[in-house]
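The values are calculated or read from the model by the stated rules, or taken from the named source; none is laboratory data. What you are looking at is a predicted structure, and each value in this text was computed from that prediction instead of being measured. All Cβ positions, glycine included, derive from the backbone under ideal geometry; neighbour counts span all protein chains shown.
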């Protein structure tokens with residue numbers, strides 16, 4: 001049985017005060033839950049948010065990292081630095097980094113391997129654009145991203161990875177993949193993992209859905225057999241809506 005995992009990606013939003021207050025609200029109102037929960041604030045607020053999440057049922061995630069352990073890489077953050085701040089997870093290969101900042105599958109792969117080597121849990125994002133979906137290329141695009149981003153991982157390493165399917169056309173647009181559309185891709189991803197690794201690994205890996213997830217659509221999405229959680233954007237920046245999605249995962 002895969003444990004549902006709901007993570008909030010705050011992207012480049014909120015002030016320090018707002019991030020801390022939001023975290024306090026989530027921690028205080030979450031209560032006891034079997035759902036795995038994490039928040040990913042901007043990197044400059046990781047320390048402040050981590051002070052609030054420490055010892056709670058909410059995990060701390062970074063939004064990105066660099067693959068090198070240290071060195072002359074101005075502006076970058078290493079896995080060990082994230083661990084120093086109390087991070088357990090790191091989001092890698094988000095579509096905004098792929099499409100706006102030009103990250104390649106190979107770059108994501110280096111980061112995934114570095115995160116695993118350091119003991120972080122990578123949340124590896126894949127997903128197609130609207131143009132690719134309309135050209136019936138969803139399956140091939142997602143497969144290519146998986147093959148490149150997850151290259152060289154052992155069965156054991158892959159079991160420690162979280163995959164997030166995020167159709168680019170549904171991120172922040174208000175458009176949402178139907179439960180059937182999302183489940184189709186999630187099922188394809190699980191079959192791909194079974195082919196690349198084995199049935200045990202495929203059955204163990206959690207695959208989140210991301211793309212305008214809200215409390216009113218979360219239940220139907222999370223009720224699909226191969227959708228194991230959500231990577232939430234805008235709705236994770238309000239206590240009530242984020243907790244509503246977590247409640248839907250139950």
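The table below gives the values:
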{"item": "The listed residue being farther than 18 Å from residue 230 by Cα, in a loop (DSSP other than H, G, I, E, B) and at pLDDT 95 or above, out of 152, 148", "result": "152"}
{"item": "Among the candidates 40, 19, 48, residue that is out of contact with any helix residue (DSSP H, G or I) (no Cβ under 6 Å at 6 or more places or on another chain) and either surrounded by 15 or more Cβ atoms within 10 Å (Cβ to Cβ) or farther than 15 Å from residue 236 by Cα (or both)", "result": "40"}
{"item": "Of the criteria (1) modelled with pLDDT under 95; (2) surrounded by fewer than 20 Cβ atoms within 10 Å (Cβ to Cβ); (3) closer than 16 Å to residue 226 by Cβ, which one residue 194 fails", "result": "(1)"}
{"item": "Test: residue in region 105-126 that is assigned to a helix (DSSP H, G or I) and free of Cβ contacts under 8 Å to residues at least 12 places away in the same chain", "result": "no"}
{"item": "Region 147-182: number of residues that are surrounded by fewer than 20 Cβ atoms within 10 Å (Cβ to Cβ), closer than 23 Å to residue 9 by Cα, in contact (Cβ under 8 Å) with a residue 40 or more places away in the chain and out of contact with any helix residue (DSSP H, G or I) (no Cβ under 6 Å at 6 or more places or on another chain)", "result": "2"}
{"item": "Which listed residue, of 63, 24, is at pLDDT 95 or above and surrounded by fewer than 16 Cβ atoms within 10 Å (Cβ to Cβ)", "result": "24"}
{"item": "Pairs where the first residue, in region 29-45, is on the phi < 0 side of the Ramachandran plot and part of a helix (DSSP H, G or I) and the second is buried (at least 17 other Cβ atoms within 10 Å of the Cβ) and modelled with pLDDT under 95, C-beta under 7 Å, 6+ apart", "result": "none"}
{"item": "Flag if residue 157 is outside any loop (DSSP other than H, G, I, E, B) and modelled with pLDDT under 95", "result": "no"}
